[in-house]
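The values are calculated or read from the model by the stated rules, or taken from the named source; none is laboratory data. All values derive from a computational prediction rather than experimental measurement. Using ideal geometry, Cβ is built from the backbone for each residue, glycine included, and neighbour counts are taken over all protein chains shown. Quick note on the areas: whole protein, heavy atoms, side chains included, nothing else; ligands and nucleic acids left out. Shrake-Rupley method; radii C 1.70, N 1.55, O 1.52, S 1.80 Å.
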Amino acid sequence: MLDLKRQYRPIHDELLDALGRVLETQQFILGEHVAAFECAAEEQLRVRHALGCSSGTDALWLALAAAEIGPGMSVVTTPFSFFASVSCILRAGATPVLADIDPVSFNLSAAAVETVLDGPRGRGVRAILPVHLYGQCVDWTAFSRFGLERGLTVIEDAAQAWGAEWNRVKAGGLGDLAAFSFYPTKNLSAAGDAGLVTTNSDEMAERVKMLRQHGMRRRYHHEVLGWNARMDGFQGAVLTVKLKYIAGWNEARRAAAARYHALFAKDGLSEPGTYPEHGVVLPREMPGARHVWHQYVIRAPRRDALREFLAARKIGSEIYYPIPLHLQEALKGLGYAEGDFPEAERAAREVLALPIFPELREDEQQTVVAAIAEFLS
Ligand SMILES: Cc1ncc(COP(=O)(O)O)c(C=O)c1O
């Protein structure tokens with residue numbers, strides 16, 4: 001599914017040098033290596049502030065806390081994402097309110113958000129937290145209106161979307177704040193857990209800096225209730241090295257996605273509609289979006305049987321995500337039930353992520369597509 005060693009080998013020396021410098025300086029927590037990464041990230045994403053932290057999950061919480069989202073307030077997000085997109089809202093003390101997804105992009109539907117905002121759960125909503133799922137930005141033309149017209153804070157969950165764009169603006173610079181994850185499987189990845197908050201607001205940036213460090217601006221003077229959510233020096237050093245390569249890696253992912261498209265089309269396996277009947281429905285790059293293909297996710301008939309068929313041929317695949325968040329045991333308290341978000345529920349039954357990473361070879365993709373062709377026949 002993913003061979004991280006292929007990325008690591010060519011930059012092995014550079015990474016070891018960078019890690020050596022951390023040892024030389026003994027700057028293990030925040031410090032110069034994290035600061036250097038933050039500067040380079042600001043430049044690459046074209047944002048005023050980029051603030052390193054301990055994980056994508058903490059980045060989401062920091063963004064919400066910096067925007068002063070807390071008890072008595074609600075935040076709208078998607079039921080079709082990783083658990084952290086919802087759990088961070090609860091951790092901030094607020095209430096998650098869910099809206100269904102767009103079945104083509106799999107992203108939160110702006111129209112569904114509108115309906116929720118005008119309904120009974122919409123009253124206490126202060127923020128919207130859309131997720132740029134699989135490496136593709138949500139329809140920002142629509143989402144920016146929630147800020148402009150309704151005065152809501154819009155926070156991007158950009159965990160899967162380093163380098164993605166909407167109308168040439170990079171993810172991270174679209175909303176009031178954004179959260180990135182550098183979990184090792186992400187397009188831009190650390191050698192452990194790490195995350196980043198971005199914002200163009202000086203005031204928000206100042207709050208994130210305090211919050212990631214126990215609410216301190218001055219040592220041992222705690223102004224607000226923060227947490228330990230700092231990035232460590234080794235991660236800053238690794239990420240600074242990888243930042244030089246990420247544009248090329250994302251290009252390689254785009255090329256791999258185009259190859260999959262061509263291979264499926266050549267074999268007549270792809271279907272034009274939204275849902276699969278006999279063939280597979282391929283993922284689409286939406287107008288305005290520049291997709292960075294964190295995942296290449298098809299919809300397939302008899303998805304679970306297909307996954308087993310591929311596994312028997314030693315072809316990796318994954319389901320992101322098999323259980324929508326409103327049906328998760330831990331989130332029962334939100335009061336949703338099966339049937340509340342039919343598109344998210346259907347996606348959970350049909351999606352299958354195929355291997356995609358920058359170093360994936362064409363012959364490997366041919367093997368994947370040939371196996372799917374055999375299954376469908
Ligand atoms: C959409 C989304 N949000 C949040 C996270 C949380 O990031 P992390 O694993 O770095 O805490 C992830 C990644 O795992 C994610 O995919």
> Say we look at the range 100-109 and pick out the residues that are within 16 Å of the ligand (Cβ to nearest atom) and of a type in the set (A, V, I, L, M); which of these is surrounded by the fewest Cβ atoms within 10 Å (Cβ to Cβ)?
Replying inline: Ile101
> Among all residue pairs at least 6 apart or on different chains, which show Cβ distances below 7 Å where the first residue, located in the range 181-208, is under 25 Å from Leu2 (Cβ atoms) and the second is more than 14 Å from the ligand (Cβ to nearest atom) and in a strand (DSSP E or B)?
Replying inline: Leu196/Ala50; Leu196/Leu51
>> Here is a check on your reading of the model: is Val369 under 23 Å from Ala247 (Cβ atoms) and among the β-branched types (Val, Ile, Thr)?
In response: no
>> Would you confirm, using the coordinates I've provided, whether Val297 is in contact with a Ser or Thr (Cβ under 8 Å, 6 or more places away or on another chain) and crowded, with 18+ Cβ neighbours inside 10 Å?
In response: no
>> Restricting to the range 312-328, name every residue that is of a type in the set (Gly, Ala, Ser) and open to solvent by less than 60 Å² (accessible area, probe 1.4 Å).
In response: Gly316, Ser317
> Looking at the range 208-249, which of the residues that are under 28 Å from Ala164 (Cβ atoms) and among the basic types (Lys, Arg) is surrounded by the fewest Cβ atoms within 10 Å (Cβ to Cβ)?
Replying inline: Lys244
>> So for the range 109-127 (the condition being within 22 Å of Ala59 (Cβ to Cβ), touching a helix residue (DSSP H, G or I) at 6+ places or on another chain (Cβ under 7 Å) and of a type in the set (D, E, K, R)), does at least one residue qualify?
In response: no
> What is the one condition in (1) open to solvent by less than 10 Å² (accessible area, probe 1.4 Å); (2) within 16 Å of Pro130 (Cα to Cα); (3) outside any helix (DSSP H, G or I) that Phe82 does not satisfy?
Replying inline: (1)
>> Given the criterion open to solvent by less than 30 Å² (accessible area, probe 1.4 Å) and touching a Gly at 6+ places or on another chain (Cβ under 9 Å), identify the matching residue among Ala142, Ala161, Ala127, Ala112.
In response: Ala161
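Listed here are the residues, each with its yes/no results for (1) of a type in the set (A, V, I, L, M); (2) touching a strand residue (DSSP E or B) at 6+ places or on another chain (Cβ under 6 Å); (3) open to solvent by 10 Å² or more (accessible area, probe 1.4 Å); (4) more than 16 Å from the ligand (Cβ to nearest atom).
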{"residue": "Val154", "(1), (2), (3), (4)": "yes, yes, no, no"}
{"residue": "Gly173", "(1), (2), (3), (4)": "no, no, yes, yes"}
{"residue": "Phe180", "(1), (2), (3), (4)": "no, yes, no, no"}
{"residue": "Pro184", "(1), (2), (3), (4)": "no, no, yes, no"}
{"residue": "Thr199", "(1), (2), (3), (4)": "no, yes, no, yes"}
{"residue": "Asp202", "(1), (2), (3), (4)": "no, no, yes, yes"}
> Which condition breaks for Leu117 when tested against (1) open to solvent by less than 60 Å² (accessible area, probe 1.4 Å); (2) within 16 Å of the ligand (Cβ to nearest atom)?
Replying inline: (2)
> In the range 226-261, how many residues are touching a residue at least 60 places away in the same chain (Cβ under 8 Å), in a helix (DSSP H, G or I) and more than 16 Å from His294 (Cβ to Cβ)?
Replying inline: 11
> Which residues, counting only those in the range 329-373, are surrounded by 16 or more Cβ atoms within 10 Å (Cβ to Cβ), in contact with a helix residue (DSSP H, G or I) (Cβ under 8 Å, 6 or more places away or on another chain), in contact (Cβ under 8 Å) with a residue 60 or more places away in the chain and not hydrophobic (A, V, I, L, M, F, W, C)?
Replying inline: Tyr336, Asp340, Glu350, Pro355, Pro358, Glu359, Gln365
> So, in the range 83-130, of the ones that are closer than 19 Å to Glu338 by Cβ and of a type in the set (A, V, I, L, M), which residue ends up nearest to the chain's Cα centre (by Cα)?
Replying inline: Val86
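Every residue, every condition in (1) closer than 19 Å to Ala194 by Cα; (2) modelled with pLDDT of 95 or more; (3) under 23 Å from the mean Cα position of the chain (by Cα), yes or no:
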{"site": "Met1", "(1), (2), (3)": "no, no, yes"}
{"site": "Ile11", "(1), (2), (3)": "no, yes, no"}
{"site": "Asp17", "(1), (2), (3)": "no, yes, no"}
{"site": "Val22", "(1), (2), (3)": "yes, yes, no"}
{"site": "Glu32", "(1), (2), (3)": "yes, yes, no"}
{"site": "Cys39", "(1), (2), (3)": "yes, yes, yes"}
{"site": "Leu45", "(1), (2), (3)": "yes, yes, yes"}
{"site": "Ala50", "(1), (2), (3)": "yes, yes, yes"}
{"site": "Ser55", "(1), (2), (3)": "yes, yes, yes"}
>> Every residue in the range 58-79 that is farther than 19 Å from Thr198 by Cβ and surrounded by fewer than 24 Cβ atoms within 10 Å (Cβ to Cβ), please.
In response: Gly70, Pro71, Gly72, Met73, Ser74
> If you check Val47, Val97, Val75, which single one turns out to be within 16 Å of the ligand (Cβ to nearest atom) and of a type in the set (Val, Ile, Thr)?
Replying inline: Val75
